[in-house]
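In what follows, a single structure is set out as structure tokens and then discussed.
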């Protein structure tokens, strides 16, 4: 496994540095010109699909390796008893590198709270973990460049830190479900994956790629395909009238629209990219994405099992306000 | 007869894990009694922090993500 890695790496670099040539060849083979709408759409598709998939594989692989250093149990030990402020900062950062799946949100939540991680700190983790994920970062990086990906990362962290701090300051512990407050776990079941050697870490990276990329690649292809159609056929400035930066209600509308949609950054980001090319504002579209990923109705229903309504409402309210603010700031800055 | 519990609220990873365990046990010719634990209160009794979890004869052997096939095989290797 370790011996194959350099070969894969060389292939990856070669492919990534020759994307334009690949797309040119594809177009030539199909006897199309980029000047036509069809040619432009297909060129876009042949250029973006390999680029995004390569980036996705690369970033997910690296993240799979990083995650072997941060078992949830370890993260919890780092966060237990932390004060608000520094605790929120640490929780939001650890949210990026700790393996997390939204179906595990409840066990993780209980595991944190019952081991003495303050409620507000726990929320910082729970907001950052799904929102700042490697799929979103890889796609943003691939389609918009590193600046937008970095901005998304920083803004996601900021929302997680501030929202968690506010929830902590409101002292809402009594709005946990009673059975949750009664649980005192002490130590969780011993993790069986604390001692990795490097070949196991690399194996974990490959497994992560297989799981994540195996799950989302089709959405990426479909998303970029729809993006390609928009790219080739939708008239310039089409989006300006209802998603341009002059439209004040676009940001709240985007956030509300995002809540019932379930996180699928893989399919949504390529479409968003194409829309921006047609005059939609970046802040509005980022707000939409954040809302889709961070505030999903299914996850709220899962959390309802451990949180009473006032706490859920506060959580949604605080996070939505943060996203709104990010949307307006981006529209104003860029 | 081994008692195997799959802890999880019913997400896809939990279902995949269940199928994997069933398949491996059958391939190894080990008789198992499979139980799904889906209520969150019951799952939390096993003090895991990530689902799916796997409990064999009362002992947590796995938590978080789909287990590797060779890991699952090792659960059914020892004869007892």
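The values are calculated or read from the model by the stated rules, or taken from the named source; none is laboratory data. The model shown is predicted, which means the values in this text are computed figures rather than measured ones. We place every Cβ from the backbone using ideal geometry, glycine too, and count neighbours over all the protein chains shown.
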Can we say residue A:56 is part of a helix (DSSP H, G or I) and at pLDDT 90 or above?
yes
Please verify whether residue A:28 is in a helix (DSSP H, G or I) and free of Cβ contacts under 8 Å to residues at least 60 places away in the same chain, treating the condition exactly as stated.
yes
Sort out which residues of region B:15-30 are at pLDDT below 85 and in contact with a helix residue (DSSP H, G or I) (Cβ under 9 Å, 6 or more places away or on another chain), and write them in order of number.
B:28, B:30
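Yes or no: residue A:120 closer than 16 Å to residue A:167 by Cβ and at pLDDT 85 or above?
yes
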When region A:132-150 is checked residue by residue, the ones that are more than 14 Å from residue A:270 (Cα to Cα) and not in a helix (DSSP H, G or I) are A:132, A:133
Looking across region A:97-125 at residues that are crowded, with 20+ Cβ neighbours inside 10 Å and without any contact (Cβ under 8 Å) to a residue 40 or more places away in the chain, the single one that is farthest from the other protein chains (Cβ to nearest Cβ) is A:98
Just for region A:301-315: of the residues that are within 14 Å of chain B (Cβ to nearest Cβ) and touching a helix residue (DSSP H, G or I) at 6+ places or on another chain (Cβ under 8 Å), which one is surrounded by the fewest Cβ atoms within 10 Å (Cβ to Cβ)?
A:304
Filter result for residue A:9 (modelled with pLDDT under 85, in a helix (DSSP H, G or I) and either more than 14 Å from chain B (Cβ to nearest Cβ) or within 24 Å of residue A:274 (Cβ to Cβ) (or both))
no
Region A:169-224, subset under 30 Å from residue A:310 (Cα atoms), away from chain B (no Cβ under 14 Å) and outside any loop (DSSP other than H, G, I, E, B), residue modelled with the highest pLDDT
A:169
I want to confirm something. Restricting to region B:32-64 and keeping residues that are at the interface with another protein chain (Cβ under 7 Å from one of its Cβ atoms) and assigned to a loop (DSSP other than H, G, I, E, B), which single residue is nearest to residue A:212 (Cα to Cα)?
B:64
How many residues, within region A:50-96, are surrounded by fewer than 18 Cβ atoms within 10 Å (Cβ to Cβ), within 14 Å of chain B (Cβ to nearest Cβ) and more than 30 Å from residue A:16 (Cα to Cα)?
4
Residues of region B:12-60 satisfying the condition of being surrounded by 17 or more Cβ atoms within 10 Å (Cβ to Cβ), out of contact with any strand residue (DSSP E or B) (no Cβ under 8 Å at 6 or more places or on another chain) and in contact (Cβ under 8 Å) with a residue 12 or more places away in the chain
B:13, B:20, B:24, B:40
